[in-house]
Amino acid sequence: AGRRMAVEGERAQARFMSLVVALVLMAAAAPAPAPDAVREGRALVQTNCAACHAIGRKGASPNREAPPFRRLSARYPIEQLQESLVEGILVGHPAMPDFEFSADEADRIIAYIRSVQPRRPAPAQGSR
């Protein structure tokens with residue numbers, strides 16, 4: 001019985017390590033936005049959006065009706081903004097003008113918006 005438990009323990013450990021390796025490989029394969037895309041996205045939102053929206057990690061929006069960009073992920077799935085940016089954002093805050101961006105510009109804007117979303121804190125060790 002002792003030998004069987006040792007073998008089962010080794011198998012469980014091997015499965016666990018395989019899972020860890022798979023997760024590490026998946027995380028490494030997930031593309032991070034290029035720094036240029038984030039920088040170019042910031043320039044686009046600075047030019048087109050900053051008059052009304054807070055575009056950084058801090059600060060209030062100049063227009064109280066305009067949500068800060070750092071809080072957009074709490075209101076909308078960021079990926080769903082892509083289509084609106086390309087086809088034209090027609091509904092926003094009451095004073096929001098119509099905007100249409102190219103697909104490339106929208107990708108850069110999304111990369112920037114993702115970069116300013118709050119980081120979720122890691123769960124505390126030992127808490128359940």
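The values are calculated or read from the model by the stated rules, or taken from the named source; none is laboratory data. Source: prediction; values computed, not measured. What goes into the accessible areas is simple: the full protein's heavy atoms, side chains included, and nothing from ligands, DNA or RNA. Shrake-Rupley method; radii C 1.70, N 1.55, O 1.52, S 1.80 Å.
Convert each backbone phi in segment 53-64 into a coupling constant with the Karplus relation 6.51 cos²θ - 1.76 cosθ + 1.60 (shift: θ = phi - 60°), then list the ³J(HN,Hα) values in order as whole Hz, x for Gly and Pro.
Per residue, the Karplus-derived 3J(HN,Hα) values read 9, 6, 9, x, 6, 9, x, 8, 6, x, 9, 4 Hz.
Could you sort 44, 85 by accessible area so the largest value comes first, with the probe set to 1.4 Å?
Working: 44 35, 85 15 Å².
Heavy-atom accessible area, descending, gives 44, 85.
Taking a probe of 1.4 angstrom, what is the accessible area of residue 115 in Å², to the nearest 10?
30 Å²
So what does residue 98 come to for accessible area, using a 1.4 Å probe and Å² rounded to 10?
Approximately 110 Å² for this residue.
Counting only residues 5 or more places away or on other chains, whose amide H sits under 5 Å from the amide H of residue 99 once H atoms are built in the peptide plane?
Result for residue 99 returns 89.
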